[in-house]
C-alpha cells in the first residue's frame, strides 16, 4: 500500500463474476494525407495565467472503432402532454438499452466502423521552463462536459507551489463531447463503447503527444510520431516525460482501461470518483438518469439566458460559479438558426451513459494495473452523495488494487467533485504531486 494517508481503511473485494474484458483491436495505421477539419470554435492561442499559455489541437481518434456505424436514435418530438412525452422518452431509453445489450452479446451485427473521428485537446504549457524534466498532466473529463471544465481547478493548481513541477497539461475531449462533437457531428455512430475512449486516449499518448514539453508553438493538427517512437512508448513509456493522469468519472474509467492495456505510459493516476461498477450491479438511478438525459434541454435563446436557468437549477446550483461560466462559454455554440446549443447533446451523453460493460470492465481490470503506477483516489463525501452506488461501494472500490494506492474524501462534494469543489480538488492534486515528485531526485521524474 502507498505511504500516503487514506481516509477509508482497507476493505476486501467481495466475490464477483468476470465480464471477460476483451483485448483492444489493433490500431489501423493512418496516412499523412488525412483530410484535416478546422477547429469549430475560435482557437485558444492565448495566455492562461502569468506562467502558462493555452492552445487547442486536433488528433485523429483510433481506428477501427469497437462498434459498427449505425444511425443515431431519433428523439421524439417534444409535446406539452407530460405523460405522452415521458412515455416516448422511456420507450427511446428502452430501445437504446436493448440495442446496447445486443451489441455486448455480439448480436447487433455490422463491421467495426472505420470512419475517421477526431479528438480535441487543450494544451497548457509553461512559459517559464526550469530546465529539468517536469511532469505532464493528462486530464480526462466526466460524461457530458467539455475539456474546459477543468480550468477552474487548473487556475488554483497552477497558482500553488506544485506548479513548478508541471511543464505541460493536456485536457482531453472524447469524440462526442465539446468541440470534438462538432467536428465529428456527421460521423458519430448511434452506439458507443467506453473502450473506444480508452483506445483514443492511448492512441493520442502513443502516436501524437510530442516528445517533450517545448515552448514552441504546435500546429492545430498534431503530427503523427515515427513508428520507432510509438513502439518504444508501448513498452518503455516516454523518454522525456512523466505522465500523471487526473481523470473524473467516465474519464477515470477510460483512463483505467487505457492503463491496464498500456501501463508504460503512466507514472501515476489521480482517480476522481471514476465510474467503475462491480458486475451484476445496476445503479438504482440508471433508468431515471438515462431518461432525464434524453429529455434534457439543449437550446436557449442566449448564453445569458442559459446561465440564468442553470443558476436556478438544483443540479447546477451546487457548482462553483466559475465552472458554470466556463460551461456556458465553452460548452455551447452559436446555433445557425438562432440562440445557443450545447456542444454535447443529451442524446450523445445518454448513448455514453448506456454502456454498462465499460464500467464493469474497468472494475475488473483495475486490479491488473501495474503496481508501479501509484493510484490516488479522490472520492465524494457529501451526506447525500458518497460516490457511485453509495459509501460502502466506494470504500470497496478504492481498494480494488491495494498496493501503491491511497484515498481521500472531499466532504464538500458529491460525485461532481471537479464541478462542485475545484479548489479542494486542486489542493489534493497539489499535495499528491508534492509528496510523490518533489521529494524525489528530479532526474528520476
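Coordinate-derived values only; no laboratory data. Not measured: the values here are computed from a predicted model. Here the Cβ is made from the backbone with ideal geometry for all residues, glycine too, and neighbour counts use every protein chain on show.
Just a few scattered comments:
- Neighbour-count ranking [beta-carbon atoms within 10 angstrom, fewest first] of 151, 32: 32, 151
- Residue order, fewest to most surrounding Cβ atoms within 10 angstrom, among 352, 244: 352, 244
- Cα gyration tensor shape for segment 304-359, rounded if a/c is under 1.5, else prolate or oblate: oblate
- A simple spin-label model places the labels of residue 10 and residue 211 4.4 nm from each other, with each point 7 Å out along Cα-to-Cβ.
- Label-point separation, residue 112 to residue 280 (7 Å along Cα→Cβ), nm: 3.0 nm
- Neighbour-count order for 389, 332, fewest beta carbons within 10 angstrom listed first: 389, 332
- Computed [θ] at 222 nm, helices only, for the chain once each DSSP H run of length n ≥ 4 contributes -39500 (n - 2.57): -9500 deg cm²/dmol
- Comparing mean-square fluctuations of 177, 285, 360 from a GNM of the chain with C-alpha springs under 10 Å, the top value falls on 285.
- Length gained when the stretch residue 313-residue 35 is fully extended (0.36 nm per residue, less Cα-Cα span): 95.9 nm
- Share, in percent, of DSSP beta bridges within segment 245-347 that are antiparallel, nearest 5: 55 percent
- Pairwise centroid distance, computed over Cα atoms, of segment 216-239 with segment 12-43, Å: 17 Å
- Prolate/oblate/rounded call for segment 264-316, Cα gyration tensor, a/c under 1.5 rounded: oblate
- You can think of it this way: the chain between residue 74 and residue 384 has 108.2 nm of extra reach, that is 0.36 nm per residue less the Cα-Cα gap.
- Whole-number D in µm² s⁻¹ for segment 46-444, Kirkwood Cα-pair radius fed into Stokes-Einstein, 10 °C, 1.306 mPa s: 74 µm²/s
- DSSP-defined antiparallel bridges as percent of all bridges, segment 57-214, nearest 5: 70 percent
- Residue 292 versus residue 105: modelled label distance in nm, points set 7 Å from Cα along the beta carbon direction: 2.9 nm
- DSSP beta bridges in the chain [antiparallel fraction, %, rounded to 5]: 45 percent
- Across segment 46-444, the mean sequence separation of Cα contacts (distance under 8 Å, 6 or more residues apart), normalised by length, yields a relative contact order of 20 percent.
- With 10 Å bins from 0: P(r) over segment 1-120, alpha-carbon pairs, percent: 9, 19, 21, 28, 22, 2
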